[in-house]
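What follows draws every value from the coordinates through simple rules; no lab data is involved. Because the structure is a prediction, the values reported are computed rather than measured. Here Cβ is always computed from backbone atoms with ideal geometry, including for glycine, and neighbour counts include all displayed protein chains.
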Amino acid sequence: MRRRRGWAVAIAVAGVVAASFAVTAGLTREPAQDSGREQVAEPVAFAADVVDVVRTGERSVRVVVELPSGGEDCGDDVRVEHVQDALPDRPDTVYANVMYSAPMPDVGACRGRRTAEVPLTVSAPLGERMLVFNAAFPAWTPDGDRYRRCDDLLGCHPPEDTCDPVWIDKAVYQLDVPVKRLRSVREVRACDGTWLILDVNPAAGRCAPDGGECEPGGDVARWFLRFDRDHWETVLRTSGAGCTGLDREFTDLPTELCATLPAP
């Protein structure tokens, strides 16, 4: 019996020694030599920024995009994917994705911008159909030999009358008013197509759109805007009545638009 116990102790000790040797060998083993091959990052697909579109044929256009630049791997392989030009519910629109590939760049490595071009060809004549790239609205609409980007508020074909409510929507939007409140915060005092006079109270947006009694509070300001080529440009903000003295500073301002206006 004692002999068997002795053998058992001897075997256990031998096992501990062997295990210790194995651990020590593992800790002191030389690291595996590098094969010398560099790890190459897999490229990632990104949506390109479309900046211009030019007609090149009855069924084709040239799409100009902006890409990041400044490094060797900032952007490459510009391509058109997933062209949809025969959707039954949108026969007036062609959809396409314009993509490029690049590995994830290091922070600050691609601070520049460069342009690149890629052709887009569809199966049927483009005609007057609009183009939507990367599911990003607003769309691009034909304009002669080129396409132009539609406007979020004015659409693709703005009204000729610059006193139209949608033009005034655009003007009020530039005054940092939420889109949902563009018409509830303003009162049009005068508009002749060149000059626009608005009383704006941003706090009026707190009232329910269905009317009823409401005291929004806030400060009402009067804005004078002049139309400049394709937009209403803010000229002056006042809080007084009439327009005394303004005609000396703005000689093209018709005083009949504001002479009898009370203070806002």
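Label point 7 Å out from GLU117 along Cα-to-Cβ: which residues of the stretch 126-161 have amide N under 15 Å? Of the residues in the stretch 126-161, 145-147 have backbone N under 15 Å from the label point off GLU117. Its Cα gyration tensor gives the stretch 121-178 an equivalent ellipsoid, and the semi-axes of that ellipsoid, as √(5λ) in whole Å with the largest first, are 28, 14, 7. Listed values for the stretch 147-160 are Karplus-derived 3J(HN,Hα) couplings in whole Hz (6.51 cos²θ - 1.76 cosθ + 1.60, θ = phi - 60°), namely 10, 10, 6, 6, 9, 4, 9, 7, x, 8, 9, x, x, 5, and x replaces Gly and Pro. What's the Kirkwood radius of the stretch 44-149 in Å, using all Cα pairs? This gives a value of 14.4 Å.
Applying 1/(1 + (r/R0)^6) with R0 = 22 Å to the Cβ-Cβ distance of ALA263 and GLU233 gives a FRET efficiency near 0.40. Rounded to the nearest Hz, the phi-derived 3J(HN,Hα) couplings of the stretch 186-199 under the Karplus curve 6.51 cos²θ - 1.76 cosθ + 1.60 (θ = phi - 60°) are 10, 9, 6, 8, 6, 7, 10, x, 10, 10, 10, 10, 10, 9, where x marks glycine and proline.
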